[in-house]
Amino acid sequence: MTSLRVSLGYELEVRGRSREIERRAFENVMNQVVLADQLGFDTAWFVEHHFTRGFSHSSAPDLVLAGISQRTERIRLGLGVVLLPFQSPIRTAERVGTLDVISGGRVEFGTGRGASPLEYQAFQRPFEQSRKLWEESLEAVLAIWNADGRPVTRSSEYFEIPDVGVYPRPTQEPHPPVWVASTSLEGYLAAAQQGYNLLGMTMLKGLDDVAKDIAKYKECLAENGFDPATRRIGLMIPWHVAPTQQEAVDTAADPVLWYLRRQINLVAPPDYTDARHATHRVLGQQAVGMPPEEAMAILREETMVVIDDVAGSRKAVERIEAAGATDLILQVQVGGLGHEDVCNSMKLFMSEVVPAGERAATEAREAK
């Protein structure tokens, strides 16, 4: 029996050039989240990326989630993540606050600084100061929300809050849960020092190395006075389950490899030489550069992706929970996978891999 919360994560990739393909991709994803609401998924997370044609057209996730909020009842709405350095903290506080109001208090506020030098160039921010920009912006957003409408004053090189009250206030008090996304141990520890929830992935380092980082994140939480048992750790993993392992591989192997090759190049483009990023992409880069069958074998062995039948998926869930995660974020729509195939995988996962009875028992334990 698992205690993992099961959610969905979306890049909103568009595998094709026509406007009709792009429109249909958005339509399919929104319909999938409506289905997820009915099936019992916990949260739908949407990334923020810019200038990533094909790989991710999710440049305005708050707008997509606003639309979804009006078609769903209970599923939580995850901003995974808002790239804080690229806009005023006032606008972030306003837009996220508005989304929380119109959704009835269902927002999860994921934050990050981004990994693309091109985004920093386009938004005229210094990439080498990305951590400082993120820290200052997040502190300012939380100060606005904690002020509860009272005037706030903040001054920074890249933004100004001139003694103004910001509205609307979030429905959740004092604000939505805060998450930090990272692919590095350095980022994990920065989140832990402030007591923030954590969003991670396995596709760059493999589950065993991520588990070591999670253990250090929990140690750092405790060292800074936070109870690790009260913090959540989400891992985002491309996932496809089918009645047989061969059917899962035949359906999803090519789309997943298409997606991973673009994801790894986004995190660290081929001509970008920052040693820290290069270290983090070694395992994933080596795998996706191999012939497809070899690549898939390594990716599956390291739980960087899960493409399997029900039994194999259940074992993967057990490994992820043992690694210290509290939230499993399935990337079910990747690489142009067919909408029907995605929906069938979602239904099979929630009926056979983590069935409703297990989820209900977990929810009852947590409610005590």
Compactness relative to 2.2 N^0.38 Å, alpha carbon Rg of the range 84-133: 1.33
Relative compactness, the range 56-99, computed as alpha-carbon Rg over 2.2 N^0.38 Å: 1.19
Of every hundred units of 1.4 Å-probe accessible area on the chain, the number belonging to carbon and sulfur atoms, as a percent, is 50
Along the three principal axes, how long is the range 124-222 when you take its alpha carbons, biggest first, rounded to the nearest angstrom? 47, 33, 23
Cβ-Cβ cut-off under 13 Å around residue 332, Lys and Arg +1, Asp and Glu -1: the net charge is -3
Using all Cα-Cα distances in the range 1-50, what percent lands in each 5 angstrom bin from 0 up to the longest? 5, 18, 24, 22, 15, 9, 5, 2, 1
Rounded to 5, percent antiparallel among DSSP beta bridges of the chain: 15
Rg (Å, one decimal) plus Dmax (Å, integer) for the alpha carbons of the range 176-265? 15.9, 48
Rounded, prolate or oblate, given the Cα gyration tensor of the range 109-161, with a/c below 1.5 counting as rounded? prolate
Helix-only mean residue ellipticity at 222 nm for the chain, each DSSP H run of n ≥ 4 adding -39500 (n - 2.57), per residue, nearest 500: -15000 deg cm²/dmol
Net charge over other residues, Cβ less than 14 angstrom from the Cβ of residue 177 (K, R count +1; D, E count -1): 0
Debye-sum result for the chain in log10 I(q)/I(0), which assumes one identical scatterer on each alpha carbon, at q = 0.10, 0.13, 0.14, 0.15 Å⁻¹: -0.60, -1.06, -1.26, -1.48
Wrap a convex hull around the Cα atoms of the range 1-158, take a quarter of its surface area, and give that in square nanometres. 10.9
Computed over the range 142-185, the convex hull of the Cα set has an average projected area, in nm², of 4.4
Quick check: convex hull over the Cα atoms of the range 23-98, volume per residue in Å³, rounded to an integer? 93
Probe of 1.4 angstrom, ligands and nucleic acids ignored: what's the accessible area per residue over the chain, in square angstrom? 43
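The values are calculated or read from the model by the stated rules, or taken from the named source; none is laboratory data. Since this is a predicted model, take the numbers as computed values, not measurements. When we count neighbours, we look across all protein chains shown, and the Cβ atoms used for this are built from the backbone with ideal geometry, even at glycine. Each accessible area value is taken on the protein alone, full model and side chains, heavy atoms only, with ligands, DNA and RNA left out. Shrake-Rupley method; radii C 1.70, N 1.55, O 1.52, S 1.80 Å.
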